[in-house]
Amino acid sequence: MGKKRKYGGLDWFRIVSAVLVITIHTSPLLSFGEFPDFLLTRIIARVAVPFFLMVSGFFLLPEIQGENGDSKRLYRQIGHLAKLYLISIVLYLPIMIYSGYFQDDFSIGNLIKDILINGTFYHLWYLPAAITGLFIVGLLLQYCRDWTVFIISFVLYLFGLLGDSYYGVVAMIPWLQKLYDGIFSISEYTRNGLFFVPLFLMLGYYLGKQEGRRSRLKKEQAIMGLVISGVLLFEEGIGLHFLKWQRHDSMYILLPVVMVFLFSLMLHWEIQGGKRLNRIALIVYIIHPAMIVAIRLVGKITKMTRLLVDQSLVHFILVTICSFAAAYLLTMIPFQKLKKETSDT
């Protein structure tokens, strides 16, 4: 069985993850109520970004440890992400200008922080975070044992958790709140390359090593674990929501547990995949905010804002269709060219 078929489940769930990211930014159920939309966008959809990170950890990190470890592929990936980030910054520059980014409270210092940490547009935080996290974890794995890197990543995640969904605890302790206020003066959220990314990279790395040893959870175990941890994640998210502890809602205690079972289950989904699916998912992630802006503009011009934008489910569907259609078209030329070159050799 080829690699594409063997890991096709991972490729297809990246497509699902791209759709879930769109739900976060369009709130499709908001027209029907705030609470059902919270369940979808602030709990269920939070598996999307960790899944992307775990895929990176799964494929990239197992190769770099040990005396014969090869870190070149990892650093090539970091280079690719940096180039993609630069292209994305340029792509969204007109929208940033239109939205008044370079007016009001603009400063060079804030621009540098956004480029290095926060992202220059609201969804672009993922790229500098992935670059930072890959560099940190990759470096640690070259010089430390697995369990040491995992413990460091886990502690960082716990620290980030207190600045995210468990910020209510921090708010009760004045000296701790001052500490986190200092962090927030540099990074808008603890959902970043230092506190959020390393743990999910390490979980992917661990599952990648288990796969190399032909040791993985059985399908039934993965399903049972996903159901139980999923229910507990819902309880955690709903409880924190009603306690009003959340400063943000990207990090939960149960989220890493859910991700291990979800990822393990996707490893059992043996279906045809391929690089094109991965490219489509990545392009959708990058361009969907531009589609949100475009649809809002069309709604304003045609005076159909109430239908195209205010009806949240319609808005979500339109953004999803336009994003995937554009991503598909953008992959056509390079895909056909690659196919032709392959067939000629």
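The values are calculated or read from the model by the stated rules, or taken from the named source; none is laboratory data. Note that the structure is a prediction, hence the values are computed from the model and not measured. Note: ideal-geometry Cβ built from the backbone for every residue, glycine included; neighbour counts use all protein chains shown. Note: accessible area is taken over every heavy atom of the protein model, side chains too, but ligands, DNA and RNA are not part of it. Shrake-Rupley method; radii C 1.70, N 1.55, O 1.52, S 1.80 Å.
Backbone phi angles across region 260-271, fed through the Karplus curve with coefficients 6.51, -1.76 and 1.60 (θ = phi - 60°), yield HN-Hα couplings of 4, 6, 5, 5, 4, 5, 5, 5, 8, 8, 8, 9 Hz in residue order; Gly and Pro are listed as x. Inter-label distance, ASP181 to ILE321: 4.9 nm, where each label sits 7 Å from its Cα along the C-beta direction.
A simple rule links phi to the HN-Hα coupling: the Karplus curve 6.51 cos²θ - 1.76 cosθ + 1.60 with θ = phi - 60°, which for region 106-114 gives 5, 8, 4, x, 5, 5, 5, 4, 5 Hz, with x for Gly and Pro. Evaluated at q = 0.10, 0.17 Å⁻¹, a Debye calculation over the C-alpha positions of region 195-345 (equal weights, vacuum) places log10 I(q)/I(0) at -0.61, -1.17.
Accessible surface computed residue by residue for region 78-217, with neighbouring protein chains in place and a 1.4 Å probe, gives 51 Å² per residue.
Springs between Cα atoms under 10 Å define the GNM used for the chain, and in it the highest mean-square fluctuation of SER27, SER185, SER229 occurs at SER185. With a ≥ b ≥ c taken as the square roots of the eigenvalues of the C-alpha gyration tensor of region 61-163, please select rounded if a/c is under 1.5 and otherwise prolate if a/b is larger than b/c or oblate if it is not? It is oblate, given that a/c is not under 1.5 and a/b is not larger than b/c. Shown in residue order for region 75-91 are the 3J(HN,Hα) couplings computed by the Karplus curve 6.51 cos²θ - 1.76 cosθ + 1.60 at θ = phi - 60°: 6, 5, 5, 4, x, 4, 5, 5, 5, 5, 5, 4, 4, 5, 4, 5, 4 Hz (x for Gly and Pro). Looking at region 130-202, the trypsin sites (Lys or Arg not before Pro) that sit in a DSSP loop and have at most 14 other Cβ atoms within 10 Å of their own Cβ are ARG145. Starting from the Cα gyration tensor of region 171-256, take the square roots of the eigenvalues, sort them a ≥ b ≥ c, and report rounded, prolate or oblate (rounded when a/c is under 1.5, otherwise prolate if a/b is larger than b/c, else oblate). It comes out oblate by the Cα gyration axes.
Applying both filters, DSSP loop and at most 14 other Cβ atoms within 10 Å, to the chymotrypsin sites (Phe, Trp or Tyr not before Pro) of region 112-211 gives TYR122. Within the chain, which is the longest segment containing none of the GluC sites (Glu not before Pro) that sit in a DSSP loop and have at most 14 other Cβ atoms within 10 Å? Here the longest segment lacking exposed loop sites spans 68-269. Taking amide hydrogens as placed 1.01 Å from N in the peptide plane, the amide H of ILE64 sits under 5 Å from those of ASP70, each at least 5 positions away in sequence or on another chain.
Longer than 32 Å from Cα to Cα, which of LYS6/LYS83; LYS72/LYS113; LYS209/LYS275; LYS113/LYS244 are they? Say none if no pair is. Beyond 32 Å: nothing from the list.
In this rough spin-label picture, where each label sits 7 Å from Cα along the Cβ direction, the ILE301-LEU232 distance is 5.2 nm.
For region 212-286, with all protein chains in place and a probe radius of 1.4 Å, 66% of the accessible heavy-atom surface sits on carbon or sulfur. Out of ARG76, ARG14, ARG276, any idea which swings most in a Gaussian network model of the chain, alpha carbons joined below 10 Å? In this elastic network of the chain, the residue with the biggest mean-square fluctuation among ARG76, ARG14, ARG276 is ARG76.
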